[in-house]
Every structure is written in structure tokens, then in C-alpha cells.
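Comments concern the structure below.
The values are calculated or read from the model by the stated rules, or taken from the named source; none is laboratory data. Everything numeric in this text was worked out from a predicted model, so none of it was measured. Every residue, glycine as well, gets a Cβ built from its backbone with ideal geometry; the counts of neighbours run over all protein chains shown.
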Amino acid sequence: MIKKSEFIWNTIGSFISSMLSAIILAFCTRLNGIEIAGMFSISYTTACLLNSIGDFGIRIFQVTDTNRKYSFSDYLVSRIIAVILMVICAIIFVIASGYETQKLFICLILIAFRVVENLSESYQAEFQINGRLDLGGKTIVYRNLLGIGAFFIVDFITKNIILSLIAMVLANIIVFWLYDLKLINKFTKTNFKVDKNKVKTILKECLPLAISTLISMYVINAVKYAIDASGDYTMQTYFNIINMPTFVINLVSIFIIKPFLKPFGDYWNNKEYKKFFKIIGIIIGVLALATLCVEIGCYILGIPFLNLLYGVDLSMYKTHLLLLILSGFLYASANVFFNALGTMRGQKLTTLAYVITAIFALFVPNKIVNQYGMNGAVTTSIMIMGMLFIFMCTLFMYVYIKNSRKNTSKT
């Protein structure tokens, strides 16, 4: 069972982590202007995209390894290799993209931020599998609050976003060094003399999850890249602002999914399929209820609140805002099935679903956004998320029914 302290700290940590980009974007918009804010937005998106390489799907695999087939050190070394690969890919990407100097540095600094976050994830997973998810929540809270504070102070004084982001990264490194690295000794000893074959196996097993996550991040951000291709940083800023309320839906999914990763593994490994399926149903139901509440709240107060927070006029985008919230529900629900399929070791199927969706996202958004502007951006966002949701739901039911029948025939 999940303890109260675990749920509370995971909830707080997930909330602050999900709010990070919204808070920094608000500071950028007011302190650095709409153009810089747009530049930050697409750079943050790129960092999130490349972050899927550093993440590599290892946390899902690590936390659901309830039989402890691999050690913490095996997972940590695997993560370090993934992070190194992420940095290499980031450097190649920003150089090949021909980013202007300021945008290039913003992107690389945000990648450095993701390096710290990914390393911390391995420690958080170990805390969680030892029944201390609350410790992972605390490190997220400390890192992000200190990081946000450092960013604001430096940006307020210098009005220089690059220096501000460097301050944010340094703050995160300090917390990781003083908190995660100290606490891990209470649970296990870190030994870098690991079994190379086990590390290779972990990376091989997680590769489909990593590919799925990478493609997933591209899929959900394809519209932003279509806007970036048009070179309109103002539209980029406006789209990211009205897309912010969807974080509430994703936040709710994180609140629920992360604490249940270990129970997912327990129920599935013990062949308690009905309990496993019931949890999925409850999570989707909660997401639907949360979406309805957010839609109602944003219909009444969404635009006035965003106008006040970001200091821009968004009155013409009310309908766009409500539609993007719906797309947020579709993505969050698809993510529930993605995590479930990872637990069921159906990661190869998730890769197939994302590849098909990505092919659509690669070719369609650019043309529609160029022709219809913001209307096209919102429309393609819903189309992409709807397609992903249908694929994931179908694949989940396929694997679930297949394993249920197999289990029934054995008994």
C-alpha cells in the first residue's frame, strides 16, 4: 500500500515539476519579452524531446523490477550511458538545426538541466522500490524550488536568460549532490563494478521504451516544431501559454501513475489481472473527471487568468484553449496505457503505435499550421493525440486479453 507521506510528497513534487516551464515562461514573458519567451519555449521543448534518450524508459523498468533481477548499480550505470548518449545527440541536433547563438546556448543549458534530472531519477526509483517514494518527491521539490528561485533572482537583476538558466542548473546540481547522493547510502551501496552483460540487457530491454518515449515527445510537440518552422516566436509563445492548462491533466496522471508503478508490477507479475485492469479503469476515470473540471474552470476564468499571469491579450483564443485541454486528456490517457504496456513488457507494441503516429505528425502539421495559423495548430494537436490514444487503448486491450486467456487456459 502507498503511505500517506509518499502520496503527499509525490503530489507536491509532481505539481512543482509540471509547473516549472509555466513559471519560467511567465518570468521570460514579463522580464525578457515575447520573442525570448518563444525562443525559450521551443528550446525547452527540444530539451524535453532529447530528455527521452536520457530517460530511456529505465525508471518504469527499474521500479517494476519487484523481483530485483538487477541491482541499483546496474540501473545507474545504464542511466549514465543513456545520459551520455543524450548529450551527444543534443550537440549534434542543435548544430545541425542551425540555431542562432542565443537559442543554441539556451537549448544546451536546458539539456544540462535534464542531465541532473535524469541522474536523480535513478536514485528516486531506488527510494521508491524501497517504499520511500516520499524521498523522491522531496528531492523534486527542493531542486525545482531552489532552481526557480535562482532563475528569478538572476533574471530580475541581469535580464539575461542564459545566466539565469545557468543559475537554475547549478542550484539543481547542489541539491542532487547534497540530497540524493547522501540518502542512497541508507538503502544500497553504489558499485560501478557491475555486470556488463546485465547493463547491456537493461539497455536492450528498455530500448523500445526509449524509442517510444522519444517518438512520443516528438508527437506531442510536433505542432510546436511546425510553428518554429514558420519562424513566428510570437505565435509560439501564445500557443505555449494557452497549452499550459493541459498541464493539470498531465499532472493528475503523474500523481496517480507514479505511485502505482510498483503495484502495477506486483499485480501483473502475480497474475492478478483483474486488479491490474481495475487500476487502469480508475485512473482513466479520474483523468476524465479532472478534464471536465479544468474545462469548466477555463471556460469561466481561463483567459482572464492567463492574461493576468503572462501580461498578454489572449481573448481571441478561448475556444483554442478549451480544445487543447481535450487534447491533454487524450495524451494523458494514452500515457496511462503506455506505462501499463511497459509493465506488461509490451514495449515493442508501443513503439509501433508511436512510429505510425509520428509519420502522420511529421508531414501534416507543417502544412496545416502554415495555412491556418493557430487554428491549424490546435486542430492538428487534437488529431495527433486522438490517433495516439486509439492506438494505445487498442494495444493495451490486445495484450491484456491475450495474457488473461493464457492464464485462464493454464488453470
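Brief remarks on what is shown
- If you go through segment 33-59 and pick out every residue that is assigned to a helix (DSSP H, G or I) and under 13 Å from the mean Cα position of the chain (by Cα), you end up with 13.
- From the options Leu170, Leu110, residue that is in contact with a Phe, Trp or Tyr (Cβ under 8 Å, 6 or more places away or on another chain) and assigned to a helix (DSSP H, G or I): Leu110
- Some residue of segment 176-185 being at pLDDT 90 or above, in the same structural domain as Gln102 (by TED's automatic domain parsing), out of contact with any Leu (no Cβ under 8 Å at 6 or more places or on another chain) and surrounded by 15 or more Cβ atoms within 10 Å (Cβ to Cβ): no
- For segment 312-324, the criterion of being at pLDDT below 85, within 21 Å of the chain's Cα centre (by Cα) and farther than 20 Å from Gly285 by Cβ is met by none of the residues.
- Screening Asn375 with (1) within 23 Å of Leu323 (Cα to Cα); (2) at pLDDT below 90 gives one miss only, at (2).
- Among the residues of segment 122-153, those identified as surrounded by fewer than 20 Cβ atoms within 10 Å (Cβ to Cβ), free of Cβ contacts under 8 Å to residues at least 60 places away in the same chain and farther than 21 Å from Thr188 by Cβ are Leu146, Gly149, Ile153.
- Number of the condition not met by Val199 [criteria: (1) touching a Phe, Trp or Tyr at 6+ places or on another chain (Cβ under 9 Å); (2) surrounded by fewer than 16 Cβ atoms within 10 Å (Cβ to Cβ)]: (2)
- Subset of segment 2-32 [among the charged types (D, E, K, R) and part of a loop (DSSP other than H, G, I, E, B)]: Lys3
- Meets criteria (in a helix (DSSP H, G or I), more than 20 Å from Ile184 (Cβ to Cβ), over 18 Å from the mean Cα position of the chain (by Cα) and small (Gly, Ala, Ser)) for Gly98: no
- Qualifying residue in segment 84-105 (condition: touching a Phe, Trp or Tyr at 6+ places or on another chain (Cβ under 9 Å), under 28 Å from Tyr354 (Cα atoms) and modelled with pLDDT of 90 or more): yes
- Considering the conditions (1) on the phi > 0 side of the Ramachandran plot; (2) surrounded by fewer than 22 Cβ atoms within 10 Å (Cβ to Cβ), Lys4 is excluded by exactly one of them, (1).
Each row is one residue, and each column tells you yes or no for (1) within 20 Å of Arg59 (Cβ to Cβ); (2) modelled with pLDDT under 80; (3) among the small types (Gly, Ala, Ser).
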{"site": "Pro259", "(1), (2), (3)": "yes, yes, no"}
{"site": "Glu272", "(1), (2), (3)": "no, yes, no"}
{"site": "Ile283", "(1), (2), (3)": "yes, no, no"}
{"site": "Pro304", "(1), (2), (3)": "no, no, no"}
{"site": "Asn307", "(1), (2), (3)": "no, no, no"}
{"site": "Arg345", "(1), (2), (3)": "yes, yes, no"}
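- Answer residue from segment 186-205, given it is touching an Asp or Glu at 6+ places or on another chain (Cβ under 9 Å) and either in a loop (DSSP other than H, G, I, E, B) or at pLDDT below 85 (or both) and is nearest to Lys318 (Cα to Cα) among those: Phe187
- Taken over segment 347-372, the criterion of being at pLDDT 85 or above, surrounded by fewer than 24 Cβ atoms within 10 Å (Cβ to Cβ) and of a type in the set (S, T, N, Q) is satisfied by Asn366, Asn370, Gln371.
- Among the residues of segment 63-96, the one identified as of a type in the set (Gly, Ala, Ser) and exposed (fewer than 13 other Cβ atoms within 10 Å of the Cβ) is Ala96.
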